[in-house]
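Remarks on the structure that follows.
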Amino acid sequence: MNICIAGAGAIGCTLAARLTQSGQNVKVLARGATLEALQKKGIHLTDIDGKHRVNVIASDSAEELGSQDLIFICSKAPALPTMLKLIAPMLQEKTMVIPVVNGIPWWYFQGIEGRFSGDCIQAIDPEGSVSKLLPYNHLIGCVVFITAFRNSPGVVTSTNPHLIVFGEINHQMSERLEQVRKVMEDAGIEARATDNIRDQIWTKVAANITSNPLSVVTKGTLEQLYSDTRLKPLVRKVLDEVLLVAAAYGARIRFDPHTFMELGAGMGAVKTSMLQDYEAGQPLELDAIGYTVLELANKVSIPMATTQQLLDLTHFIASQPQANS
C-alpha cells in the first residue's frame, strides 16, 4: 500500500518506523526541523522490541508525495484543520483517512442514526468547519493505546506495548477495515477491528481526561496520578463524571473503576502527552480531550462540576507566560 504518515511527532514516527520495517511504501508529511531531521537521519525508535533505525521519504509537499491509499493523520487536535487541508492533494476516490487524534472526534455524530445525528461539536468543529474539509466516506475511526515520547525530532521512545483499535464510523465491519488491521498487525502492532469504535473512544477519553489536565497542574506521571493517595480522590471524581456521560451516550466501557485506576498506575513513570506539550510551550488539546466532553454532557443535562474546575484550572495555568519558559 501507499501509506502516508501526516505528522511526525511521537506517535507518527512510531507508526512510520514500524510500517516501513514491515515493507510498506511509507512517506511522511512533515515540516521544519522535523522534516530536516527525517531527511538527514531518518527515524530512531526505541520500543519494547528494541532499537529501530529506518530511512523514510519525507516532504512538506503533499503534491510531491502523491496519491495515497491510506493516510494516518498524526497531528495534535489544534492542528487538525490545517492538516486536513494539507492532505487534500493526496486523496483519491478510495483513499482511507485515519485520524490518530486524542479526544472526542469531530465526526462523532456522523455516520450513525441517533438523537444528535448530524450535529456539530462546537468545541472542535464550529459550524461544521472541520467536517467540510473531508467527506466522511474516507474516514476510519481509530483509538491508539500507545505511550510514546519524542526525545528530539525523529527520535522517539515508547516503553509500553502497542495497541490500536480501528472501526468504521458507521459501526459496520468491512473489507477495508480488515485490510488496515492486517497492515498494522504485520508491522508488529497489536491491531483490532471493532463494530463500535465509539465505545473505544470513550475508554480512551476516560483515560485522557483523568490524567492529562491533572498532569499539567501537578507535573505528575501516570503512576503518580493514579496511585498517590492525595490525587486519587480527585481522579476518581473526574472518572465517575465521564463514565456517567459515556453511559448516557450508550457507550460500554469494559473496565470497572478500580481496575481502571490500577491499569493507569501500571503505566509507570510516564509523562502524559499534554504535559509534554505544556513543557514544550505547545498548545494543549484541552478542547478535544476536555471541553468536548463538557459540551456532550450539557447536551444530555449531566453536570461535570469537578471536571469543569480541573479543565479551567489547567487552562489558566497554560495561559500564563511561564508556560512557555
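The values are calculated or read from the model by the stated rules, or taken from the named source; none is laboratory data. Keep in mind that what you see is a predicted model, and the values were worked out from it rather than measured. Every residue, glycine as well, gets a Cβ built from its backbone with ideal geometry; the counts of neighbours run over all protein chains shown. Heavy atoms of the whole protein, side chains included, go into the accessibility calculation; ligands, DNA and RNA do not. Shrake-Rupley method; radii C 1.70, N 1.55, O 1.52, S 1.80 Å.
Quick rundown of the values:
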read-out: Any chance D195 is farther than 16 Å from T314 by Cβ, at pLDDT 95 or above, among the acidic types (D, E) and part of a loop (DSSP other than H, G, I, E, B); value: yes
read-out: Answer residue from segment 27-47, given it is of a type in the set (V, I, T) and under 16 Å from C74 (Cβ atoms) and is most open to solvent (accessible area, probe 1.4 Å) among those; value: T34
read-out: Within segment 205-223, tally of residues that are assigned to a helix (DSSP H, G or I) and surrounded by fewer than 20 Cβ atoms within 10 Å (Cβ to Cβ); value: 3
read-out: Single match in E295, E285 (criterion: closer than 27 Å to A79 by Cα, surrounded by 14 or more Cβ atoms within 10 Å (Cβ to Cβ), out of contact with any helix residue (DSSP H, G or I) (no Cβ under 8 Å at 6 or more places or on another chain) and touching a residue at least 60 places away in the same chain (Cβ under 8 Å)); value: E295
read-out: Residue count, segment 230-274 (criterion: within 22 Å of the chain's Cα centre (by Cα) and among the basic types (K, R)); value: 3
read-out: Long-range neighbours under 8 Å by Cβ, at least six apart or interchain, first residue free of Cβ contacts under 8 Å to residues at least 40 places away in the same chain within segment 89-105, second crowded, with 24+ Cβ neighbours inside 10 Å and in a loop (DSSP other than H, G, I, E, B); value: Q92/Q68
read-out: Criterion: at pLDDT below 95, polar (S, T, N, Q) and in contact with a helix residue (DSSP H, G or I) (Cβ under 7 Å, 6 or more places away or on another chain) - qualifying residue of T259, T210, T272; value: T272
read-out: Tabulated pairs, segment 228-248, first farther than 28 Å from I197 by Cα, second open to solvent by 60 Å² or more (accessible area, probe 1.4 Å), C-beta under 9 angstrom, 6+ apart or interchain; value: L231/Q224
read-out: Residue within segment 236-251 that is of a type in the set (D, E, K, R), at pLDDT 95 or above, outside any helix (DSSP H, G or I) and open to solvent by 40 Å² or more (accessible area, probe 1.4 Å) present; value: no
read-out: Odd one out for A16 among (1) more than 24 Å from T159 (Cβ to Cβ); (2) of a type in the set (G, A, S); (3) out of contact with any Lys or Arg (no Cβ under 8 Å at 6 or more places or on another chain); value: (1)
read-out: In segment 9-26, residue nearest to the chain's Cα centre (by Cα) [restricted to those that are under 16 Å from C142 (Cβ atoms) and open to solvent by less than 10 Å² (accessible area, probe 1.4 Å)]; value: G12
read-out: Every residue from segment 48-60 that is under 22 Å from the mean Cα position of the chain (by Cα) and crowded, with 20+ Cβ neighbours inside 10 Å; value: A58
read-out: Test: residue in segment 158-177 that is hydrophobic (A, V, I, L, M, F, W, C), assigned to a helix (DSSP H, G or I) and surrounded by fewer than 23 Cβ atoms within 10 Å (Cβ to Cβ); value: yes
read-out: Qualifying residue in segment 78-100 (condition: hydroxyl-bearing (S, T, Y), part of a loop (DSSP other than H, G, I, E, B) and open to solvent by less than 20 Å² (accessible area, probe 1.4 Å)); value: yes
read-out: Only listed residue being more than 21 Å from V238 (Cα to Cα), touching a helix residue (DSSP H, G or I) at 6+ places or on another chain (Cβ under 7 Å) and open to solvent by 30 Å² or more (accessible area, probe 1.4 Å), chosen from P126, P153, P135; value: P153
read-out: D277 of a type in the set (D, E), under 20 Å from the mean Cα position of the chain (by Cα), over 23 Å from A297 (Cβ atoms) and surrounded by 14 or more Cβ atoms within 10 Å (Cβ to Cβ); value: yes
read-out: Subset of segment 66-77 [open to solvent by 10 Å² or more (accessible area, probe 1.4 Å) and either of a type outside the set (A, V, I, L, M) or within 16 Å of R31 (Cβ to Cβ) (or both)]; value: G66, S67, D69, C74, S75, K76
